[in-house]
Amino acid sequence: MPPASSSPLTGVRTTTSETVRLPAVPSPLDSMVNRGHLQAKGSHRVIEAASDLLRLNHQQLGALYASASVGDPPTGRGSGTALMLPGTRLAPLLAWLTRKFAWQGKVFNGDSKELGNLVTPFGIRAIGATVYVGPRLRDGSESIILDYSKKSLVARFVRDEIRELNPGVYLGYAYSFGIPWVVFALDFNRELT
C-alpha cells in the first residue's frame, strides 16, 4: 500500500488509491442536545414558547426537530411564528412582519382532521388542509402532516410537517413542490394577538 499523508487543515487522510475521512469533531450543538439544553420534551425545557425558537439557527432547528416526538395532532387555535433567517438579528422583525401582515397561525379541528390558516392582517381563516400522521419527506420518519393537496387550489402543492417539542409547542417545515422553503412554529399555549 502506498504511504499515507494527512492534511492538518482538512483532516483528510489520503493515499494514492483512497481517501478516508477522519471522524468529525462534535459540534457545540451536539453537546447542547445531549445535555438537554435543546431537548424537546426534556427535563430542561429551554423551548417553552415558539418565540424561543427565533434565536436558533437552521442546524439547531433541524436537530431539535429530529429529536422531537411526533406527538398528537393539535386541536384549537395555534399562534404562528415564521422562522425566517432564524438565529439572526432579523428573525424577530421578520416574524413580527409576517404575523402582522400575512399569517397569524392555524386553527385545527380535531374531529374532522382538518385545519385552516389565519391569513391577512384580519386573521381570515382560509387555505385548508387535511391532518394526519405519516412519513416525513426528508427521511421517512413519522411526522404530523398538513396536506393541502385536496383542500386548497391555491396551496395544492404545499405540504407542512410538524412535530411537538413540548406540550402545545410545535415546530414545522413547509414544503412547496417537495422542497422545504420555510420553517415555522405553532404555539397553542398563548393567545393569538
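Any read-out appearing in this document is the output of simple, stated calculations on the displayed coordinates, not a laboratory observation. Keep in mind that what you see is a predicted model, and the values were worked out from it rather than measured. Glycine gets a Cβ as well: all are built from the backbone with ideal geometry, and neighbour counts include every protein chain shown.
Observations on the model:
- For the range 30-187, the spread of Cα positions along the three principal axes, ordered from largest to smallest, is 44, 33, 28 Å.
- Cα gyration tensor shape of the range 94-193, rounded if a/c is under 1.5, else prolate or oblate by comparing a/b with b/c: rounded
- Set of aspartates and glutamates with alpha-carbon distance to K106 below 16 Å, sequence-local pairs under 8 removed: D72, E114, D147, D160, E161, E164, D187, E191
- Placing +1 on the Cβ of every Lys and Arg and -1 on the Cβ of every Asp and Glu, with nothing else charged, gives the range 85-193 a dipole about its Cα centre of roughly 320 debye.
- The peptide list 159-169, 113-123, 81-91, put in order of mean Cβ contacts within 10 Å with the highest first, becomes 159-169, 81-91, 113-123.
- Order of S152, S79 under a 10 Å beta carbon neighbour criterion, fewest first: S152, S79
- Cβ-placed point charges (K, R +1; D, E -1), dipole of the range 111-173 about Cα centre in debye, nearest 20: 240
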